[in-house]
Amino acid sequence: MRLTACLVLAASVLALGACQPAANGSEGSDSAAATLPAESSPSADTLTAEGWGPLRIGMTLDEVVAAAGPDSDPEAIGGPEPEYCDQFRPEQAPEGLLVMIEQGVLTSISIFEPSTLRTDRGFGIGSTAAEIKAAYGDAATVEPHHYVGPPAEYITAWNGGRPSEPYVQDPNARGISYETDENGVVTLIKVGGPSIQYVEGCA
């Protein structure tokens, strides 16, 4: 009974000290410090430049299938040369998410409507270009949209800051690209390697 009561009391910070011995002159400090990484790290449903949930950029196709399931629509054509570049939604991935597999390797992940996923900066489909630019500042590069008139554009931010070259080719580079429409609203987000710079699917 005493053990049960102690466990119940341990739910509060005040009772935690009563249920376990104090650490030489640093009561509660270890417990507080242990909670910081979990609170500051992205959740499982957050998009980062490294991927989403169980999917990490650089995985093989077999690893993607093991982590999130096979192509949910195997009859669909995800690219003009699927053996070289293919896009599909894994069965266990949320609606509005596509993976890009190039030569058997996951190189990027895209989300679009109706996806409700958010990036590690809190942006998703429906966010505005103004919000994104304010958050990333000079770290982001902005290019006009290839098919839609202003203010439609691409806003891209790479891990490690603004790249020195206009087109990133380093396969180890990781970034996030936001595509906006003529109203300045995000309609597509891509995370991953150099393939986030592709304008149209696999090209």
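The values are calculated or read from the model by the stated rules, or taken from the named source; none is laboratory data. Please read these numbers as outputs of a predicted model, since none were measured by experiment. Reconstructed Cβ throughout: ideal geometry from the backbone, glycine too, with neighbour counts over all protein chains shown. Side chains are part of the model used for accessible areas, which takes the heavy atoms of the whole protein and leaves out ligands, DNA and RNA. Shrake-Rupley method; radii C 1.70, N 1.55, O 1.52, S 1.80 Å.
Odds and ends about this structure:
- Amide N proximity, the stretch 131-148 versus E50 label position 7 Å along Cα-to-Cβ, cut-off under 16 Å: none
- Per residue accessible area of the stretch 81-203, 1.4 Å probe, in Å²: 49 Å²
- Max-minus-min Cα coordinates of the stretch 126-203 on each principal axis give 33, 28, 19 Å, with the largest extent listed first.
- Rounded percent of accessible protein surface that carbon and sulfur make up, the stretch 45-200, 1.4 Å probe: 51 percent
- Rolled with a 1.4 Å probe across the full set of protein chains, the surface gives Y84 an accessible area near 100 Å².
- For the pair Y167 and D138, label points projected 7 Å from Cα toward Cβ lie 2.7 nm apart.
- Each of A76 and V148 was given a label point 7 Å from its Cα along the Cα-to-Cβ line. The distance between the two points is 1.9 nm.
- Here the Kirkwood formula, the inverse mean of 1/r across different C-alpha pairs, assigns the stretch 73-203 a hydrodynamic radius of 15.1 Å.
- Taking a ≥ b ≥ c as the square roots of the eigenvalues of the alpha carbon gyration tensor, the stretch 119-168 is oblate, as a/c is not under 1.5 and a/b does not beat b/c.
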